[in-house]
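One structure follows; several queries about it will come next.
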Amino acid sequence: MEARVLRYYSNLHRENKCFLLWVEAKLLAVRDGRFRLRFNAFMHEKLEQLSIYIREFSVREGTPLPAEMLAMGLMGLCDGVQFFYTVDPQNMSSEWRKRCWEDFFRAWCSGATRDER
């Protein structure tokens, strides 16, 4: 399962054709209060869904970590990697992207909680 998750997130930046639309939606949410309310509700739903997946994965891996915090961190990392790749793809090698995700998931899956056992 860990390998599939790593493979999915390692290629996400190339397969997300709607990324720039998401950036525009986030910018609009900053400027438009009515839109912000709906957009934030949608984003909280996405965070909750991701938290459920993370919670299930954490139980399987035996690493009881704060799912909500990890969901927000994962979404931020996805946005950041995607943004850097969109702006400067030549300086974002596939090795760097792979390493970024591997390090994140390694820290998550074999973090302090597991080491303390």
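Return yes or no: is VAL87 of a type in the set (Val, Ile, Thr) and either surrounded by 15 or more Cβ atoms within 10 Å (Cβ to Cβ) or over 22 Å from LYS17 (Cβ atoms) (or both)? Outline the logic, then answer.
Numbers: of a type in the set (Val, Ile, Thr): yes; either surrounded by 15 or more Cβ atoms within 10 Å (Cβ to Cβ) or over 22 Å from LYS17 (Cβ atoms) (or both): no.
Considered against the rule, which asks whether it is of a type in the set (Val, Ile, Thr) and either surrounded by 15 or more Cβ atoms within 10 Å (Cβ to Cβ) or over 22 Å from LYS17 (Cβ atoms) (or both), VAL87 comes out as no.
If we scan region 25-33, do we find a residue that is of a type in the set (Val, Ile, Thr) and in contact with a Lys or Arg (Cβ under 9 Å, 6 or more places away or on another chain)?
yes
Further, regarding this structure: How many residues are of a type in the set (Gly, Ala, Ser), at pLDDT below 85 and outside any loop (DSSP other than H, G, I, E, B) when one looks only at region 45-64?
1
Please list, ordered by first then second residue, the pairs with beta carbon atoms under 9 Å, 6 or more apart or interchain, first in region 27-47 and among the basic types (Lys, Arg), second at pLDDT 95 or above.
ARG36/LEU28; ARG36/ALA29; ARG36/VAL30; ARG38/ALA29
Just for helices (runs of 4 or more DSSP H) wholly inside region 65-117: which have at least 3 residues that are modelled with pLDDT under 85, touching a helix residue (DSSP H, G or I) at 6+ places or on another chain (Cβ under 7 Å) and farther than 26 Å from LEU27 by Cβ? Explain how you work it out, then say what you get.
Details: elements: 67-87, 94-109, 112-115.
Output list reads 94-109.
For region 64-84, which residues satisfy the criterion of being farther than 24 Å from ASN11 by Cβ and either surrounded by 15 or more Cβ atoms within 10 Å (Cβ to Cβ) or small (Gly, Ala, Ser) (or both)?
Residue satisfying the conditions is LEU65 alone.
Hey, another quick one. Within region 16-60, restricting attention to residues that are closer than 20 Å to LEU70 by Cα and among the small types (Gly, Ala, Ser), which residue is surrounded by the fewest Cβ atoms within 10 Å (Cβ to Cβ)?
Filtering first and then ranking leaves ALA41.
When you go through ASP88, ASP32, ASP79 one by one, which is the residue that is of a type in the set (Asp, Glu) and under 16 Å from the mean Cα position of the chain (by Cα)?
ASP79
Within 14 Å of the chain's Cα centre (by Cα) and assigned to a helix (DSSP H, G or I): is that true of LEU37 in this structure?
no
Let me spell it out: the conditions are (1) hydrophobic (A, V, I, L, M, F, W, C); (2) within 23 Å of ARG106 (Cα to Cα); (3) at pLDDT 85 or above, and PHE42 meets all of them except one. Which number is the exception?
The one condition PHE42 does not meet is (2).
The values are calculated or read from the model by the stated rules, or taken from the named source; none is laboratory data. Small disclaimer: the values here were computed from a predicted structure and weren't measured. Methodologically, a virtual Cβ is constructed for each residue, glycine included, from the backbone with ideal geometry; neighbour enumeration extends over all protein chains shown.
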